[in-house]
Amino acid sequence: MSKILVLGSCGQIGTELVLALREKFGNQTVIAADLKEACPTILNNGPYIQLDALDKEGVRSYIIGENIKEVYLLAALLSATAEKNPEFAWRLNMEGLFTILDLAKEGQLQKIFWPSSIAVFGPTTPANQTPQHTVMEPTTVYGISKQAGERWCEYYFNKYGVDVRSIRYPGLISYKSLPGGGTTDYAVDIFYKAKSEGKFTCFLNADTALPMMFMDDAIRATIELMEVPSEQIKIRSAYNLAGCSFTPAELAFEIKSIQPNFEIDYAPDFRQTIADSWPNSIDDSAAASDWGWKAHFDTKAMVKVMLENVQ
Ligand code: NAD
Ligand code: AKB
């Protein structure tokens, strides 16, 4: 079994992805890598290396030296953090991708996973059941970087045959690791506050619908997409993926049905404008027909698992 590198492994997705990949392929096969000096305890069951995605030569020599054949590139700034530092967000979100795409172009890597986001869509995109192919005019630096990344992935596939695969993740909801600075983070924070204080002040309005997904579905989708035979993958930019879509008020209603004393109020901030530019719900029929994707968790099931597991 050739080695797999997860770069940006200490974040919300990386933590759970490394654990799932190690379970499937063996602990020593999957190397976790991140800018952070110390490996989080949860990833102590396998190899860890401190690696900066912006250190092109460092990344190249590590991948070639260790004979790594598959990379999951997760290092990025998310939507809310990126708006505070647009130049750096653009640099981080693009440069690391080129380093990995070029390694694959040279034949050093066999397969790449690079995540896109619902942030590729913008205010002129049809908001309900957003189609796979539609108007895309993102208004955030994060969305612009993801859209450009998608174009480059498709270009490297068409021109150089690079086997790159991608998903437009919705907002991800998890309890094993915390979110890292996105607009959808409220849908995780709400569970911690519900458990610790019984109330939550939401930074989005009550009626702001956004596409969301429970982390188990997202990890399963990622691994399923990476296992599909190459010729079955018709979309080399990124696949739309739907889990469950809801507003903060609808999420609060589901929490109240299990925890009746829960209270919510609303104090929208700069993230409201970002959320308003994104879809309400996603049409993922292309992923369903190309590689059999189907979500398992609806909002009710996700809320139950979150309330049972959030510490
Ligand atoms: P996160 O912020 O939780 O984690 C990112 C990780 O990358 C962190 O551990 C950070 O330390 C690391 N990192 C940052 N700069 C680095 C560098 N220069 N070198 C190495 N590591 C570095 O993010 P996440 O939520 O896990 O997202 C991972 C990817 O998935 C990102 O590309 C993100 O855009 C995408 N995505 C996430 C979501 C979501 O809801 N979480 C949704 C859509 C897309
Ligand atoms: C964010 O809110 O920035 C992310 C995303 C949907 O890409 N969760």
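Computed from the coordinates by the stated procedures, all read-outs in this text should not be read as laboratory data. As the structure is a computational prediction, the values presented were derived from the model and not from experiment. Please note: Cβ atoms are built from the backbone with ideal geometry, for glycine as well, and neighbour counts cover all protein chains shown.
Table for the structure above
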{"item": "Helices (runs of 4 or more DSSP H) enclosed by segment 23-107 - at least 3 residues per element that are touching a strand residue (DSSP E or B) at 6+ places or on another chain (Cβ under 9 Å)", "result": "56-65, 86-105"}
{"item": "Among residues of segment 131-179, those that are of a type in the set (A, V, I, L, M), touching a residue at least 40 places away in the same chain (Cβ under 8 Å) and within 16 Å of ligand 2 (Cβ to nearest atom), counted", "result": "7"}
{"item": "Any hit, segment 76-95, residues being under 17 Å from the mean Cα position of the chain (by Cα), touching a residue at least 12 places away in the same chain (Cβ under 8 Å) and away from ligand 2 (no atom under 16 Å from the Cβ)", "result": "no"}
